[in-house]
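Derivation of every value follows stated rules applied to the coordinates shown; laboratory data play no part. The structure displayed is predicted, hence computed values, not measured ones. Ideal geometry is used to build each Cβ from the backbone, glycine not excepted, and the neighbour counts take in all protein chains shown.
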Amino acid sequence: NSHNKPEVFVHSKRGAQYHRNVAEPLIPILKQSGYTDIRIKGGGRILRCDDDNAIKIFGYSYGFGQADHALAKDVVERSGKFVGYTVSWSNDGY
């Protein structure tokens, strides 16, 4: 990141057994793109249902703790990749 301004990424991987399996492959990609101060700020689950145009963000990670799901919802909505989807979040569940 050329401006040294904090950026937030929301990343999901279908079928990942642990949150670590989602985060580890992403770190080298971010480093290669110029990011240097990479921090995993928490985890959770993301359920995407294309039939209902809905995305649900919830839960937590045993290893990384709970992510800021309200922030994750904002990142997903601002991405422009899920126009027409209802994005919701909750701190409930695992």
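Before moving on, here are some points about what is shown:
- Between helix 19-32 and the chain there is an angle of about 40 degrees, using the helix long axis and the longest principal axis of the Cα atoms.
- When the chain is treated as a GNM with alpha-carbon contacts under 10 Å, the residue of HIS11, HIS69, HIS19 showing the greatest mean-square fluctuation is HIS11.
- Here is how the number arises for the chain: DSSP H runs of 4 or more residues each give -39500 (n - 2.57), the sum is divided by the residue count, and the result at 222 nm is -8500 deg cm²/dmol.
- Acute angle (nearest 10 degrees) that the helix 69-79 long axis makes with the longest principal axis of the chain, alpha-carbon atoms: 80 degrees
- Comparing LYS56, LYS81, LYS73 in a Gaussian network model of the chain, where Cα atoms under 10 Å apart are tied by springs, the biggest mean-square fluctuation is seen for LYS81.
- For the chain, a Gaussian network of Cα nodes joined below 10 Å ranks SER33, SER12, SER79 by mean-square fluctuation, and the top entry is SER33.
- Across all Cα atoms of the chain, the radius of gyration (one decimal) and Dmax (whole number) stand at 13.6, 39 Å.
- Rounded to the nearest 20, the Cβ-based charge dipole of the chain about its Cα centre (Lys and Arg +1, Asp and Glu -1) stands at 240 debye.
- The charge dipole of region 20-72, taken about its Cα centre with unit charges on the Cβ atoms of Lys, Arg (+1), Asp and Glu (-1) only, comes to about 220 debye.
- Amide H contacts of ASN53: none lie under 5 Å away among residues 5 or more positions distant or on a separate chain (H built 1.01 Å from N in the peptide plane; Pro and chain starts excluded).
- Amide H within-cut-off set for TYR60, under 5 Å, with H built and near neighbours excluded: ARG45
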